[in-house]
Amino acid sequence: MVYVLNKDGRPLMPTERYGKVRRMLKDGRAIVVTTMPFTIKLTYETTGYTQSVTLGIDSGYQTIGFSGVTAKKELIVGECRLITGQVERNTKRVMYRRQRRNQLRYRAPRFDNRKKPEGWLAPSIRHKLDSHIRLIEKIKTILPVTEIEVQVAGFDIQAIKNPGIQGKEYQQGEQAGYWNLREYILHRDGHQCQNPDCKNKSKEKVLEVHHIGYWKRDRTDRPGNLTTLCDKCHRSENHKEGRFLYGWEPCVKSFKPETFMTTVRWRLVNTLGCRHTYGYITKSRRIALRLEKSHINDAFCIAGGTNQARTIQFEVRQMRRNNRSLEYFYASKHIDIRTGERAGGQELNSGRRTRNRKLDGENLRQYRGEKLSRGRRSIRKQRYPIQPGDVVKYTGEKYISKGIQNLGAYIRLGGLSKPVRIDQIQPYRYAKGLFFGAWNQEKPGPPFIPALRSRFANKEGSGRGLPGG
């Protein structure tokens, strides 16, 4: 699939007419914008006609599935791996800020700037929300998206409490309410059989929903009367008097705060003003289409996919754009006399945690033996052109940069034990922000695309002269 932009940079419908694209690039009627995903920009005026494109988003904490479909085909599909460790980076930032402020002789009190504005989100939650929005905006730069639909949760609690609630998501068939309630019960029970003596050793257990009060003619579908059992435990003979299920009344969990629609997903829906759906609807559609459980298949169903022709999957990774920390602290190193091994000064600390001495821990400084190195602070004085995560070429092979050392003289490459001189490598691709990876190796793309990448990589619009810039 080749994505097309008009002369003004607005997205048009993508094309699979690769021969025409090759001729347009050769004649100068189009230029390459990016090579991953392969996008061209026309240099002449066009009509600007587009079709309706629905973008389905399977939002997640670490992985986002996306799929854009029309009435006839799927135009884009893939998974985005989000960056992790945001909470740890925030904690480290607090530590360095507090350390710098404690070194000041006097710092004026600032009590008036501690009020959080309305709609404030914690930094880690804000990061997840912004990452979802960036991915959607990135897709909208290459596709004329008209509708966006986001899956906000696995089930709808409001529909369980009020089965008569109306809405088009409840008009997907007479089994839609069943799938919603079933998905909640499975989620509540951790997708595990609740029989403590279950002897089912199958790797893929078939889970079913059981009415706890079936033996006393209580057939109501309230969540407190339902539990999860595997198909080997949920047998008709076990319902008879004297068997396992007759008189069995396990304690089930009630509604938990974890089951409500997450803040990030609802804020995403409110920010974009888009439609939303629930996981039980997605699951029923996926099973009806006989698709495997995956983020891309869920996103395809969320977008309303039925029998459209599927396309090749993208692999997107979110890479850190910049490390703004200019200061690093390296603790001293000592020999732990208890074990004789190397240990850091932070491990062999004084045990002091708060101003309350009653809460202090054991003073581990007494176990510090020979001092191997002293603690130091490192101040970064310059920014290097090659950052960690960038792709470079060395001896004709591609490597991922792990970082610059020796004041910019050497670079560490993934897969190599020794650093390499910086003048021996050649930049290949800057991996920042949302990094679109290669085509799926199991389904390689059109054979002409690698030739186009190498031939037009250094022409106008290719992004700093690097493939995929």
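The values are calculated or read from the model by the stated rules, or taken from the named source; none is laboratory data. Here the structure is a predicted model, which means the values were calculated and not measured. Cβ coordinates were reconstructed from backbone atoms using ideal geometry, including for glycine residues, and neighbour counts include every protein chain displayed.
Of note:
- Restricting the range 41-63 to residues that are of a type in the set (Ser, Thr, Tyr) and under 23 Å from the mean Cα position of the chain (by Cα), the residue that is modelled with the lowest pLDDT: TYR61
- Qualifying residue in the range 300-314 (condition: exposed (fewer than 15 other Cβ atoms within 10 Å of the Cβ), touching a residue at least 40 places away in the same chain (Cβ under 8 Å) and touching an Asp or Glu at 6+ places or on another chain (Cβ under 7 Å)): yes
- Any hit, the range 362-382, residues being surrounded by 12 or more Cβ atoms within 10 Å (Cβ to Cβ), under 30 Å from GLN62 (Cβ atoms) and modelled with pLDDT under 90: yes
- Of all residues in the range 420-442, those that are more than 19 Å from THR63 (Cβ to Cβ) have Cβ atoms under 9 Å from Cβ atoms of residues that are at pLDDT below 85 and among the basic types (Lys, Arg), 6 or more apart or on another chain, in PRO427/ARG464; TYR430/ARG464; LYS432/ARG320; LYS432/ARG321.
- Hits in the range 71-88 (condition: part of a strand (DSSP E or B) and either under 14 Å from the mean Cα position of the chain (by Cα) or assigned by TED's automatic domain parsing to the domain that holds PRO14 (or both)): GLY78, GLU79, CYS80, ARG81
- Pairs with Cβ under 6 Å, 6+ apart, first in the range 212-224 and under 18 Å from ARG243 (Cβ atoms), second among the aromatic types (Phe, Trp, Tyr): TRP215/TYR246
- Annotation note: of LEU326, LEU359, the sole residue that is surrounded by fewer than 18 Cβ atoms within 10 Å (Cβ to Cβ), closer than 24 Å to ARG374 by Cβ and at pLDDT below 90 is LEU326.
- Yes/no for GLY68 being in a strand (DSSP E or B) and crowded, with 16+ Cβ neighbours inside 10 Å: yes
- Against the test of being in a helix (DSSP H, G or I) and farther than 15 Å from GLU149 by Cβ, the options THR50, THR91 yield a single qualifying residue, THR91.
- The number of residues in the range 71-94 that are surrounded by 13 or more Cβ atoms within 10 Å (Cβ to Cβ) and not acidic (Asp, Glu) comes to 14.
- Test: ILE335 is in contact with a strand residue (DSSP E or B) (Cβ under 9 Å, 6 or more places away or on another chain), of a type in the set (A, V, I, L, M) and assigned to a helix (DSSP H, G or I): no
- The range 50-65: number of residues that are without any contact (Cβ under 8 Å) to a residue 24 or more places away in the chain and under 12 Å from ARG10 (Cα atoms): 0
- Scan of the range 94-119 for residues that are part of a loop (DSSP other than H, G, I, E, B) and of a type in the set (A, V, I, L, M), ordered by number: LEU104, ALA108
- Listed by position, the strands (runs of 3 or more DSSP E) enclosed by the range 338-411 that each have at least 1 residues that are touching a strand residue (DSSP E or B) at 6+ places or on another chain (Cβ under 6 Å) and over 23 Å from LYS432 (Cα atoms) are 342-344, 368-373, 376-379.
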